[in-house]
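Read through the structure below, which is laid out as structure tokens, and then see the notes.
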Amino acid sequence: MPGRTATIERKTKETDITLTLDLDGRGEGACATGVGFFDHMLDLLSKHALFDLAVKAVGDLQTDPHHTVEDVGISLGQALDQALADRRGITRFGHGAVPMDEALAEVVVDLSGRSAFECRVFFSAEKTGDFDTVLVEEFLRAFANNGRLNLHVIVPYGHNAHHIAEAIFKALARALRAAVAIDPRQPGIPSTKDTLT
């Protein structure tokens, strides 16, 4: 099987991003977006999905981190879509449930070739450190839309905003790790339509 990798370069008036993704990596993250908390979340995603992920982003942080976070989500989704190619041989579905102290996050994905996003998350605070917690949802929506996947995120309980965000990213990682895995019993396209494009 050819390497399942992709490099995305995205340059707008607001951001300049280079992102490289290897779905069959060892969980090595090298993320530098200028937004410390977000870098930490991306490194968690890389580690627990066993993806090698390198992100270099320069954005209009003097305004706020919104454009940087959203555009990294766009770029990561595009990279996932490109690395999966026709999605032949993948498991397709993935589920991750991760506790982080008092918080629990559940993430379910379907690499269906169609984008859909459902987010049932209530953050206990508007910020964790200097990071606006609303940006977690913005990242996830951009990722789902550009990765052409169904993404459902549910946090039934949790009090600490940092713990909630961390549980979400770890659960996303575990769900993606399962979904992109090669299924030796299903070498073809995992769909009765025989296409996921």
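None of the figures in this text is laboratory data; all of them are computed from the coordinates on show. The model shown is predicted, which means the values in this text are computed figures rather than measured ones. Counting neighbours? That spans all protein chains shown, and the Cβs are built from the backbone with ideal geometry, glycine included.
A few notes on this one:
- Order of Cys119, Cys31 under a 10 Å beta carbon neighbour criterion, fewest first: Cys119, Cys31
- The amide H of Ile189, built 1.01 Å from its N in the peptide plane, has Gly89 as neighbours under 5 Å, considering only residues 5 or more places off or on other chains.
- Karplus-derived HN-Hα couplings along the stretch 20-26 (A = 6.51, B = -1.76, C = 1.60, θ = phi - 60°), whole Hz, x at Gly and Pro: 10, 10, 10, 5, 10, x, 10
- Rounded to the nearest 5, the antiparallel percentage of DSSP beta bridges internal to the stretch 5-180 is 80%.
- The coefficient of translational diffusion for the chain, derived via Stokes-Einstein from the alpha carbon Kirkwood radius under 4 °C and 1.567 mPa s, stands at 78 µm²/s.
- Cα gyration tensor shape of the stretch 90-163, rounded if a/c is under 1.5, else prolate or oblate by comparing a/b with b/c: oblate
- For the peptides 188-194, 157-163, the ranking by mean Cβ contacts within 10 Å, running from highest to lowest, is 157-163, 188-194.
- Hypothetical label at Ile182: residues of the stretch 5-44 whose amide nitrogen lies under 18 Å (7 Å Cα-Cβ projection): 5-6, 22-27
- Selection from Ala6, Gly113, Gly89, by position along the positive dipole direction of the stretch 5-180 (Cβ): Gly89
- Placing a label point 7 Å from the Cα of Arg88 along the Cα-to-Cβ line, the residues of the stretch 3-17 whose backbone N sits under 17 Å from it are 3-5.
- Between Tyr157 and Lys56, full extension at 0.36 nm per residue minus the direct alpha carbon distance yields a gain of 33.0 nm.
- Amide N of the stretch 182-197 lying under 19 Å from the label point, which is placed 7 angstrom from the Cα of Ala116 along Cα→Cβ: 190-197
- Rounded FRET efficiency, nearest 0.05, which uses the C-beta distance separating Ala97 from Asp130 and R0 of 25 Å: 0.30
- The trypsin sites (Lys or Arg not before Pro) of the stretch 6-64 that meet both conditions, a loop assignment by DSSP and at most 15 other Cβ atoms within 10 Å of the site Cβ, are Lys13, Arg26.
- Amide proton proximity set for Gly29, modelled H, under 5 Å, gap of 5+: Leu53
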